[in-house]
Amino acid sequence: MHEKGRMLIKKAMKVGKLSGLDSDCNYLPCHDAIQDCTFCYCPFYPCNDPDVGGREIISSRTGQSVWSCSQCTFNHEAKNAEKILDGLIKLNEDFNLISRKELLSLKKRIIEGW
Ligand code: SF4
């Protein structure tokens, strides 16, 4: 994950609060109906879960297969972002030390409604 993404997530975990919509961001509107930018860099990437709107595409730049999140709003919906943050805080670990298995388990629990 990009270092900026780690910083955003670690800051939110430290203060226990979502960062909200970054109305100064040059990339807005990056997704339809975006509500929160805390997880702009998705902690679940690549989730490989087409049910949330992501899909595999061929990169026009590299010609390689890559996971695209352009149609996913899962981590940008305020209700989900709250649950992601809550789940991360409850893990009570430095974000850098949280395993991919724990992250994907958190995503699964959120989708299943806790
Ligand atoms: S498809 Fe959505 S949930 Fe999956 S990695 Fe991309 S942004 Fe995250």
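If the condition is being away from the ligand (no atom under 16 Å from the Cβ) and either aliphatic (A, V, I, L, M) or surrounded by 12 or more Cβ atoms within 10 Å (Cβ to Cβ) (or both), then region 5-15 contributes M7, K10, K11, M13, V15.
Within region 79-104, the residues that satisfy the criterion of being touching a residue at least 60 places away in the same chain (Cβ under 8 Å) and crowded, with 18+ Cβ neighbours inside 10 Å are A81, L85, L88, F95, L103. Scanning region 46-58 for residues that are within 12 Å of the ligand (Cβ to nearest atom) and either β-branched (V, I, T) or out of contact with any strand residue (DSSP E or B) (no Cβ under 7 Å at 6 or more places or on another chain) (or both) yields C47, D49, P50, D51, V52, G53, I57.
Selection within region 59-79: residues that are more than 9 Å from the ligand (Cβ to nearest atom) and not in a loop (DSSP other than H, G, I, E, B). The member of this set that is farthest from L106 (Cα to Cα) is S65. Only one entry in C30, C25 is more than 14 Å from the ligand (Cβ to nearest atom) and out of contact with any Ser or Thr (no Cβ under 7 Å at 6 or more places or on another chain), namely C25. Among the residues of region 16-40, those that are exposed (fewer than 10 other Cβ atoms within 10 Å of the Cβ) and without any contact (Cβ under 8 Å) to a residue 24 or more places away in the chain comprise S23, D24, N26, P29.
Where a number appears in this text, it was derived from the coordinates with a stated rule and is not lab data. A quick note: this is a predicted structure, and the numbers were derived from the prediction, not measured. In this analysis, Cβ positions are derived from the backbone assuming ideal geometry, glycine residues included, and neighbour counts consider all displayed protein chains.
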